[in-house]
Amino acid sequence: MRGRPVKQVARIAQAISGGLVQGYVPRLIELGRAWQIKLILQHRNGFDELRAMMVLPFLLFTGAIAAGWRRHAMLSILLWLAGLAAMLAMFRYHVTSSLDLAF
Amino acid sequence: MSGRVLIYLNSLGLLGLSGALGFALADQLINHDLPCPLCLLQRMAMFGVGIGLVLNIAVSHHPRHYGMMIVSAVLGMFIAMRQILLHIVPGTGAYGDPFLGLHFYTWAFILFVGVIAGASLMLLFVPRWSHERHASIPALGALAIGVFFLLAVANVVGTTLECGAGACPDDPTSYEFLDRLLGLNNRN
């Protein structure tokens, strides 16, 4: 007799958790994914814009010059390296057309 | 070659580089010749070269600083070459007005080749490297760095007004971000 309510509670808990796992959690994950995809699609142009921020290498190089002037050599070199990497990214972004050459 | 002479040579090199960048900026402001993305990338490479010179003047003489100059110049050379090749076929037009018979990107290519040659010669002919920090920056060096820094700030402002916090148009016709700020143009 003592075991019956415990078993019932356990059965209810199992049903709820099972329902959550089988029903709500996947639904929530699905909703989350849909929302994430929507967010990415909505802001993709914005991300592209930021990725191609042309002023960024100039900013980094200006910082490198200031650091060099203040005689912080290592900081200057690090900023120079970051500027160079940003420059390469900008070059990759802008070089899209093939050259009109024939030999 | 004494340390003092090296500092003066680097200062003169930096002033020369500032002259080239200043000329491009003056052309932009006076003739309204807006720089294209590849033109801006060449300017950036010139700033990359200049940082090596700044470190030679302000901190110490180190082969690493000449290496920085060569790496930046090689990158700048490739970008300039790309732009030359874009317009090399007759009838494909050109970007901007020529100066002394050559376009700015051709001059940039020549400048980068000169930087690589100059930095390589320095690496060859400096007999021994003293890694000691300079006691102070001479007046000519401070002037060169000051002018170079102001040019960098001017380019930050100019590029922001032209492109905002994003990509620059391939064929810019106006300061788009400034126009958007003033409500003159709605960019999608």
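I'd like the residue in region B:43-71 that is of a type in the set (Val, Ile, Thr) and at the interface with chain A (Cβ under 8 Å from one of its Cβ atoms) and, out of all such residues, is farthest from residue B:133 (Cα to Cα). The selected residue is B:71. Just so you know, in region B:130-172 the residues that are loosely packed, with under 14 Cβ neighbours inside 10 Å and in contact (Cβ under 8 Å) with a residue 24 or more places away in the chain include one that is farthest from the other protein chains (Cβ to nearest Cβ), and it is B:130. Would you say residue B:152 is aliphatic (A, V, I, L, M) and part of a loop (DSSP other than H, G, I, E, B)? When the stated conditions are applied, residue B:152 does not pass them. Of the helices (runs of 4 or more DSSP H) contained entirely in region A:1-78, those carrying at least 3 residues that are modelled with pLDDT under 75 fall at A:3-19, A:25-51. Taken together, the criteria exclude residue B:99 from residues that are more than 8 Å from chain A (Cβ to nearest Cβ), under 27 Å from residue A:66 (Cα atoms) and not aliphatic (A, V, I, L, M).
Within region B:28-42, identify whether any single residue is closer than 18 Å to residue A:85 by Cβ, modelled with pLDDT of 90 or more and more than 7 Å from every other protein chain (Cβ to nearest Cβ), and answer yes or no. Yes, region B:28-42 has at least one match. Among the candidates B:12, B:38, B:25, which residue alone is in contact with a Lys or Arg (Cβ under 9 Å, 6 or more places away or on another chain) and either among the basic types (Lys, Arg) or within 23 Å of residue A:67 (Cβ to Cβ) (or both)? Of B:12, B:38, B:25, the one residue that is in contact with a Lys or Arg (Cβ under 9 Å, 6 or more places away or on another chain) and either among the basic types (Lys, Arg) or within 23 Å of residue A:67 (Cβ to Cβ) (or both) is B:25.
The values are calculated or read from the model by the stated rules, or taken from the named source; none is laboratory data. All values reported here derive from a predicted model rather than from experimental measurement. Using ideal geometry, Cβ is built from the backbone for each residue, glycine included, and neighbour counts are taken over all protein chains shown.
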